[in-house]
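The block underneath contains the structure these notes are about, expressed in structure tokens.
The values are calculated or read from the model by the stated rules, or taken from the named source; none is laboratory data. Small disclaimer: the values here were computed from a predicted structure and weren't measured. Here the Cβ is made from the backbone with ideal geometry for all residues, glycine too, and neighbour counts use every protein chain on show.
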Amino acid sequence: MAALTRFLVWTALLTGVAVGVLRLTALRWVRLPENDPVLETSVLPTLEGGDLIVLWRLGRPSFGDLVLCPEPHVPERYVIGRIIAEGGDKVHLKEGKPFVNERQLIVDRRCDPPQFSFPHPDRPSEQVDQQCGWEEMGSALHMMGDPQIGKIVAEDRQYEVPDGHWFLLSDNRHFSYDSRDFGYIDASTCKELVLTRLVSRRGWTDAKRRITYIQ
């Protein structure tokens, strides 16, 4: 019995040390706010307000990664977006659909379920229904909110990304908070990749959204 107790104690200590080292060097976890409707809406359908997410802090994020970065003009606030272009790339958003160096990002198929709903960020009593699709970016697929909502058509915009910077795009293309709003992101300030959602705001009982690898 004493041997088992010592084993359990040492296992707990070593696990605690390993988690501590990872926490200091490689990992960080963040609970997404539930009082910031602009940010909350922009991360749908991949994430949602109240999610507890794990961030990977080693290495350099790349094309297609979902990252958490300081907002360029308000450093104490963070933004979450997907890297779709880097220095020298040209971005064309045509009716909300992204083209990078004249190549359109392809929507592979609809999600299951194909639609999601959320409160309008400016008018919380109004519910918005939006289509969900799987978009191909690099060698990975991720969920995105289709910008074609009823008669709403996003404006046409073009950008050329300066050296050392990234262009971030929200997964929710119409209700977004991304480089269209705050400009290009200095790549040297943006080092945290969204790796996993541990649990949603509904807790461990929300089986569909717990321990979810984020693409």
Of the residues in the range 90-127 that are under 27 Å from P162 (Cα atoms) and among the basic types (K, R), the one that is nearest to the chain's Cα centre (by Cα) is K97
Could you check, for the range 38-51, whether at least one of its residues is in contact (Cβ under 8 Å) with a residue 40 or more places away in the chain, surrounded by 15 or more Cβ atoms within 10 Å (Cβ to Cβ) and farther than 17 Å from N172 by Cβ? no
V194 vs. criteria at pLDDT 90 or above, crowded, with 17+ Cβ neighbours inside 10 Å and over 13 Å from the mean Cα position of the chain (by Cα):
no
The range 39-99: strands (runs of 3 or more DSSP E) wholly inside it with 1 or more residues that are of a type outside the set (K, R), over 19 Å from R209 (Cα atoms) and in contact with a Cys (Cβ under 8 Å, 6 or more places away or on another chain) are 66-71, 74-86
Those residues of the range 194-215 that are touching a residue at least 24 places away in the same chain (Cβ under 8 Å), touching a Lys or Arg at 6+ places or on another chain (Cβ under 8 Å) and either on the phi > 0 side of the Ramachandran plot or part of a strand (DSSP E or B) (or both) come to a total of 4
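Results for (1) under 22 Å from V38 (Cβ atoms); (2) surrounded by 17 or more Cβ atoms within 10 Å (Cβ to Cβ); (3) touching a helix residue (DSSP H, G or I) at 6+ places or on another chain (Cβ under 6 Å), shown as yes or no for each residue.
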| position | (1), (2), (3) |
| --- | --- |
| E76 | yes, no, no |
| I80 | yes, yes, no |
| I83 | yes, yes, no |
| E86 | no, yes, no |
| V91 | yes, yes, no |
| P98 | yes, yes, no |
| I106 | no, no, no |
Selection over the range 126-175 where residues are of a type in the set (S, T, Y) and modelled with pLDDT of 90 or more yields a count of 2
